[in-house]
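Student: Take a look at this one; I'll ask things after.
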């Protein structure tokens with residue numbers, strides 16, 4: 001799996017935004033991960049604990065928000081959440097489904113500590 | 001003073017930005033590019049060889065080969081007539097946009113019409129990392145089994161074309177083509193599909209026609 005590359009990218013984004021907000025410490029990261037993104041929380045946490053050492057993000061708490069899968073039927077436009085991995089429309093039985101949500105993978109926010117208020121962007 | 005900073009930035013945005021630069025570089029050079037993804041042993045290198053044998057005399061073709069170790073695949077591509085460069089990922093399970101950029105810097109793109117990037121054999125990780133190539137091609141193969149779309153949905157969902165290799169083995173191994181295809185249809189409705197055999201050559205013509213059509217379509221843009 002590629003969680004190391006992903007975790008390095010998370011750290012880079014968090015440090016960049018913390019620097020422009022003149023933060024002295026990052027205390028939390030809020031991650032949004034769709035159920036279809038093949039990312040394992042424990043593995044990200046494992047790498048995070050190692051690579052965040054000796055940075056201002058060391059010890060920051062990782063919050064994972066999982067987004068459930070939402071599908072839209074290409075035939076009858078019914079929107080639904082599949083209860084298992086069978087992507088079948090419960091209204092018309094069609095197999096042709098479009099993914100509306102569940103593929104997200106982004107850093108939503110960070111909590112920071114600083115001595116002075118950050119400048120408004 | 002504590003505060004929350006709103007970010008909303010894709011985790012792989014650095015990779016995606018570099019992928020966009022790779023795409024620009026390829027577009028400016030007038031090159032059409034394919035990203036070959038598959039499990040190990042599905043026939044990525046064999047399909048590259050077959051493609052080269054058929055069209056390397058009419059078109060300039062470059063191949064960038066990603067593997068954890070060795071230059072075996074790049075050697076095969078070079079022997080078949082391509083300008084070939086090997087990327088050894090040193091353990092990484094996928095190629096990313098940085099690795100492709102480095103390889104593009106090492107290759108003379110003059111006179112090249114088609115670039116084929118052979119990703120690391122893996123049905124999970126390569127799907128998450130954009131490279132900047134124009135189309136992604138998944139090479140499935142009969143002996144892998146008909147359940148692969150169900151087990152690796154992320155890979156099947158993200159590709160632009162699907163090659164089903166080793167169809168000459170259909171009489172010898174259990175493989176329910178209808179079950180396989182309905183799994184694909186769920187994940188990627190209307191996906192362009194090429195059943196073929198790199199061993200016997202059956203089905204190769206429609207694959208080659210598609211590649212040539214895509215190269216010409218890009219040239220006329």
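Each row is one residue, and each column tells you yes or no for (1) away from every other protein chain (no Cβ under 11 Å); (2) surrounded by fewer than 17 Cβ atoms within 10 Å (Cβ to Cβ); (3) at pLDDT below 95; (4) out of contact with any strand residue (DSSP E or B) (no Cβ under 8 Å at 6 or more places or on another chain).
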position	(1), (2), (3), (4)
A:25	no, yes, no, no
A:44	no, no, yes, no
A:48	yes, no, no, no
A:57	yes, no, no, no
A:63	yes, yes, no, no
A:68	yes, yes, yes, no
A:75	no, yes, yes, yes
A:80	yes, no, yes, no
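Student: Is it true that some residue in the range A:98-113 is assigned to a loop (DSSP other than H, G, I, E, B), more than 9 Å from chain B (Cβ to nearest Cβ) and closer than 18 Å to residue B:186 by Cβ?
Tutor: Looking for residues that are assigned to a loop (DSSP other than H, G, I, E, B), more than 9 Å from chain B (Cβ to nearest Cβ) and closer than 18 Å to residue B:186 by Cβ, one finds at least one in the range A:98-113, hence yes.
Student: Listed residues B:100, B:59; which is in contact with a strand residue (DSSP E or B) (Cβ under 7 Å, 6 or more places away or on another chain), closer than 21 Å to residue B:159 by Cα and at pLDDT 90 or above?
Tutor: Exactly one residue qualifies, and that residue is B:100.
Student: State the number of residues belonging to the range B:121-143 that are at pLDDT 95 or above and in contact with a strand residue (DSSP E or B) (Cβ under 9 Å, 6 or more places away or on another chain).
Tutor: Number of matching residues: 12.
Student: Only helices (runs of 4 or more DSSP H) wholly contained in the range B:6-117 count here; list those with 2 or more residues that are under 30 Å from residue B:168 (Cα atoms).
Tutor: Fully inside the range B:6-117 and qualifying: B:44-55, B:72-79.
Student: Can you go through B:56, B:97, B:62 and tell me which one is in contact (Cβ under 8 Å) with a residue 40 or more places away in the chain and under 17 Å from residue B:215 (Cα atoms)?
Tutor: On inspection, the qualifying residue turns out to be B:62.
Student: What number of residues within the range B:156-211 satisfy the criterion of being modelled with pLDDT under 95 and on the phi > 0 side of the Ramachandran plot?
Tutor: Number satisfying all stated conditions: 1.
Student: I need every pair where a residue in the range B:1-25 that is within 7 Å of chain A (Cβ to nearest Cβ) and without any contact (Cβ under 8 Å) to a residue 60 or more places away in the chain has its Cβ under 8 Å from the Cβ of a residue that is part of a helix (DSSP H, G or I) and surrounded by fewer than 17 Cβ atoms within 10 Å (Cβ to Cβ), sequence separation at least 6 or different chains.
Tutor: Partner pairs satisfying both residue conditions: B:10/B:16; B:14/A:12.
Student: Which condition number in (1) more than 14 Å from chain B (Cβ to nearest Cβ); (2) without any contact (Cβ under 8 Å) to a residue 24 or more places away in the chain; (3) over 17 Å from the mean Cα position of the chain (by Cα) is the one that residue A:94 fails?
Tutor: Looking at each condition in turn, residue A:94 falls short on (1).
The values are calculated or read from the model by the stated rules, or taken from the named source; none is laboratory data. Remember, predicted model here, so these are calculated numbers, not experimental data. Quick reminder, even Gly has a Cβ in these numbers, built from the backbone with ideal geometry, and neighbours come from all protein chains shown.
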